Amino acid sequence: MINQKTKLGLHLPTDPRWVNLAEMDLEEILTDHAYCELKAATACISLIQQFPDREEMVKKVSPVVTEEWGHFRMVIRELEKRNLKLGWQRKDAYVAALLKMKKSGNRNTLLVESLLVCALIEARSCERFRLLSLHISEESLRSFYHDFMVAEANHYKMFLELAILYGGEKEVWNRWQEYLDYEAGVIAELGPERGKMH
């Protein structure tokens, strides 16, 4: 059942113009991508620090910290290869909006909500890496982004499966639909932003 339901399921696809906007300034999109990888690693570390008693979560999330840090280094190498500079981190309005959706409650509720937010961020990143892997002009970047797409898909499934483990399948699927509906509204409001992964 999980395998059938772990397709991305995003309720609003990314505006097709987004790839063209992203391609206009590779330094900006690579910079934003690099910081997204750092934030993903930090989010995993935070989960471990806050919920060290959830052994299965710690076991599954720990390797992702290393993987996301490796991804950050890959993006840095891509910048260096092109004689581009890592710019400054910018506020992520997308993630800020998603965090407003989180319910408060007991520790387990907070864990499940955090896992769902992580799953959603990974799902949207996966969708956008797929678009870049298919439509960006430069051949080498298509392969580069394809590898990231595969990794994000695996992370998305992992976070969703962990949410189900700790929150129950029926409850989590219902909550997941609420998140998907909300996220579609966020994407519609933000529109395609040049130089931004989300």
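We did not get these values from a lab; they are worked out from the coordinates using the rules stated. In this text, all values refer to a predicted model and were calculated from it rather than measured experimentally. For neighbour counting, all protein chains shown are included, and Cβ atoms are generated from backbone atoms with ideal geometry for every residue, glycine included.
What the table shows:
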item: Candidates per chymotrypsin sites (Phe, Trp or Tyr not before Pro) in the stretch 9-91, loop by DSSP, up to 16 other Cβ within 10 Å; result: W88
item: Debye-sum result for the stretch 114-168 in log10 I(q)/I(0), which assumes one identical scatterer on each alpha carbon, at q = 0.15, 0.16, 0.19, 0.31 Å⁻¹; result: -0.44, -0.48, -0.60, -1.05
item: Rounded if a/c under 1.5, otherwise prolate or oblate - the chain, Cα gyration tensor axes; result: prolate
item: Trypsin sites (Lys or Arg not before Pro) restricted to the stretch 46-127 and DSSP loop, no more than 16 other C-beta within 10 Å; result: R82, K85, R90, K91, K100, K102, K103
item: Ranked V112, V150, criterion: other C-beta atoms within 10 Å, fewest first; result: V150, V112
item: Enclosed volume per residue, in Å³, of the convex hull spanned by Cα atoms of the stretch 136-198; result: 95 Å³
item: Quotient of Cα Rg and 2.2 N^0.38 Å for the stretch 94-198, N being how many residues it contains; result: 1.16
item: Bins of 10 Å, starting at 0 and running to the largest distance - Cα pair percent for the stretch 1-107; result: 12, 29, 39, 17, 3
item: Burial ordering of D53, D15, fewest other beta-carbon atoms within 10 Å first; result: D53, D15
item: Cα-based helix-to-principal-axis angle, 107-135 vs the chain, degrees rounded to 10; result: 30 degrees
item: Helix axis angle, 26-50 relative to the chain longest principal axis, alpha carbon, degrees; result: 20 degrees
item: Flagged links, alpha-carbon separation over 29 Å, of K81/K157; K102/K157; K59/K81; K103/K170; K60/K170; result: K81/K157; K59/K81
item: Per-selection Rg to Rh, the stretch 43-160 - Cα, Kirkwood hydrodynamic radius; result: 1.01
item: With Cα atoms, 0 to 90° folded angle of helix 55-81 axis to the chain main axis; result: 10 degrees
item: Positive-pole candidate from N83, L30, V19, dipole of the chain, charges at beta carbon; result: L30
item: Sites matching GluC sites (Glu not before Pro) across the stretch 109-194 that sit in DSSP coil, with at most 13 neighbouring C-beta atoms within 10 Å; result: E138
item: Cβ-placed point charges (K, R +1; D, E -1), dipole of the stretch 84-195 about Cα centre in debye, nearest 20; result: 360 debye
item: Separation of the L134 and E55 label points, Cα + 7 Å toward Cβ, nm; result: 4.3 nm
item: Label point distance in nm, N154-N174, each placed 7 Å from Cα along Cα→Cβ; result: 3.4 nm
